[in-house]
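Notes follow once the structure below has been shown.
The values are calculated or read from the model by the stated rules, or taken from the named source; none is laboratory data. Since the model is a prediction, treat every value here as computed from it, not as a measurement. In this analysis, Cβ positions are derived from the backbone assuming ideal geometry, glycine residues included, and neighbour counts consider all displayed protein chains.
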Amino acid sequence: MSRFGNLRSTVCIAAGLLILFLAGCQAGGAGTLRLRGENWSPSPGGAIRASDLGSAGDLIDLEGDLGLGEEESLWVYAVESDLGLGTVEATSIDFTSSGTNLLAGTLDFGGEIFEAGSISSDLNLELTTIRNKGALLGMGPVGLKYLWGADHLVLDSTISGSVGGTETSVTESIDEWVPTIGLGASVGIPIGSDWGLELDAEVAGLWISYGDIDGTYQGTTLRAGLRQGSGMLIGVGHRSLIIDIEDDGSGTSADIDLGGTYLFLEWAI
């Protein structure tokens with residue numbers, strides 16, 4: 001075998017071992033299976049736009065134009081498990097907000113021109129995240145981790161009002177799979193015979209234009225809690241989403257931020 005062939009084989013073997021090492025470095029917590037429920041209270045901000053043939057559509061402010069922006073309360077569910085391929089976490093979010101407003105002028109959404117007067121709106125965001133987490137480095141009680149995976153985002157925007165004197169409702173949707181990468185850190189400190197303080201921070205997303213993702217897609221979670229033994233963890237946290245997406249197929253774009261605090265309970269098995 002040539003020197004080039006030997007070198008190529010060595011590089012392939014080294015790369016394979018590195019992948020196996022990274023995939024097998026678990027970055028979980030207590031137990032091997034963790035179930036978590038979060039009572040999240042976010043408020044939406046930002047803008048949406050829905051174009052149509054011959055119409056670019058108006059940039060519509062969620063709060064100023066649609067009357068959205070009130071804090072909503074919802075449950076977020078997550079399951080995390082330490083597997084042979086690292087630590088895998090799946091999270092489900094279903095956010096809905098409704099609003100009303102009195103338009104002083106017209107509003108172009110999805111090719112329909114809503115007239116001045118009363119309008120109502122609904123914003124629904126369904127997000128499923130699947131992440132693989134691996135340990136990067138440990139320094140005493142502090143552990144660093146990498147994250148990679150994919151998010152499935154479905155965003156439905158509905159506006160109802162008068163169009164040409166007739167009550168009309170228009171719904172525009174964005175349905176995207178988003179690849180994500182990120183980093184995180186965790187801290188575990190014993191504070192008693194059977195209690196411990198746990199701190200965790202993660203940032204994952206996509207910060208380049210990819211497909212219909214226009215520039216920024218980011219999810220951040222921060223949490224702090226007290227764990228009893230290796231079982232129950234209870235605490236508080238903050239979760240935020242930054243979504244900057246333009247769907248070339250439907251002509252719908254969204255530049256939305258969603259953030260708020262939450263209380264959570266986790267049980268490790």
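Checking Glu176 against (1) more than 13 Å from the chain's Cα centre (by Cα); (2) within 26 Å of Asn132 (Cβ to Cβ); (3) not small (Gly, Ala, Ser): exactly one of these is not met. Which one? Single failed check for Glu176: (1). Every condition in (1) among the polar types (S, T, N, Q); (2) touching a residue at least 24 places away in the same chain (Cβ under 8 Å); (3) not in a strand (DSSP E or B) is met by Ser193 except one, and the failing one is (2). Would you check if Leu241 is closer than 29 Å to Asp82 by Cα, aliphatic (A, V, I, L, M), surrounded by 16 or more Cβ atoms within 10 Å (Cβ to Cβ) and modelled with pLDDT of 90 or more? Answer is yes for this residue.
Suppose we filter region 111-135 for residues that are of a type in the set (A, V, I, L, M) and either free of Cβ contacts under 8 Å to residues at least 12 places away in the same chain or in contact with a Cys (Cβ under 6 Å, 6 or more places away or on another chain) (or both); how many remain? Even if it seems obvious, please write down each step before you answer.
Going residue by residue through region 111-135, those that are of a type in the set (A, V, I, L, M) are 113, 116, 119, 123, 125, 127, 130, 135.
Still in the list and also either free of Cβ contacts under 8 Å to residues at least 12 places away in the same chain or in contact with a Cys (Cβ under 6 Å, 6 or more places away or on another chain) (or both): 135.
So the answer is 1.
For region 47-58, check the following and say yes or no: at least one residue is acidic (Asp, Glu), buried (at least 18 other Cβ atoms within 10 Å of the Cβ), more than 20 Å from Gly260 (Cα to Cα) and touching a Gly at 6+ places or on another chain (Cβ under 6 Å). No; the residues of region 47-58 include none that is acidic (Asp, Glu), buried (at least 18 other Cβ atoms within 10 Å of the Cβ), more than 20 Å from Gly260 (Cα to Cα) and touching a Gly at 6+ places or on another chain (Cβ under 6 Å). Under the condition of being buried (at least 16 other Cβ atoms within 10 Å of the Cβ) and either polar (S, T, N, Q) or over 13 Å from the mean Cα position of the chain (by Cα) (or both), which residue from region 196-213 is nearest to Ile243 (Cα to Cα)? Only one residue tops the list, namely Ile213. For region 102-138, a tally of residues being out of contact with any Asp or Glu (no Cβ under 6 Å at 6 or more places or on another chain) and on the phi > 0 side of the Ramachandran plot returns 1. In region 59-110, of all residues being part of a loop (DSSP other than H, G, I, E, B) and touching a residue at least 60 places away in the same chain (Cβ under 8 Å), the one that is surrounded by the fewest Cβ atoms within 10 Å (Cβ to Cβ) corresponds to Gly84. Report yes if some residue within region 214-222 is under 18 Å from Leu123 (Cβ atoms), under 22 Å from the mean Cα position of the chain (by Cα), at pLDDT 95 or above and among the small types (Gly, Ala, Ser); otherwise report no. Within region 214-222 (the criterion being under 18 Å from Leu123 (Cβ atoms), under 22 Å from the mean Cα position of the chain (by Cα), at pLDDT 95 or above and among the small types (Gly, Ala, Ser)), the answer is yes, since at least one residue qualifies. Being modelled with pLDDT under 95, among the charged types (D, E, K, R) and either assigned to a loop (DSSP other than H, G, I, E, B) or in contact with a strand residue (DSSP E or B) (Cβ under 7 Å, 6 or more places away or on another chain) (or both) is the requirement here; does Glu172 meet it? Considered against the rule, which asks whether it is modelled with pLDDT under 95, among the charged types (D, E, K, R) and either assigned to a loop (DSSP other than H, G, I, E, B) or in contact with a strand residue (DSSP E or B) (Cβ under 7 Å, 6 or more places away or on another chain) (or both), Glu172 comes out as yes.
For region 133-151, what are the residues that are modelled with pLDDT of 90 or more and of a type outside the set (Ser, Thr, Tyr)? Give the derivation first.
Kept after step one, since they are modelled with pLDDT of 90 or more, are these residues of region 133-151: 133, 144-151.
Answer for region 133-151, where residues must be modelled with pLDDT of 90 or more and of a type outside the set (Ser, Thr, Tyr): Lys133, Leu144, Lys145, Leu147, Trp148, Gly149, Ala150, Asp151.
For region 227-238, enumerate the residues that are at pLDDT 95 or above and loosely packed, with under 15 Cβ neighbours inside 10 Å. Within region 227-238, Ile234, Val236 qualify.
One residue stands out among those in region 115-170 that are more than 22 Å from the chain's Cα centre (by Cα) and of a type in the set (Val, Ile, Thr): the one that is surrounded by the most Cβ atoms within 10 Å (Cβ to Cβ), which is Ile159.
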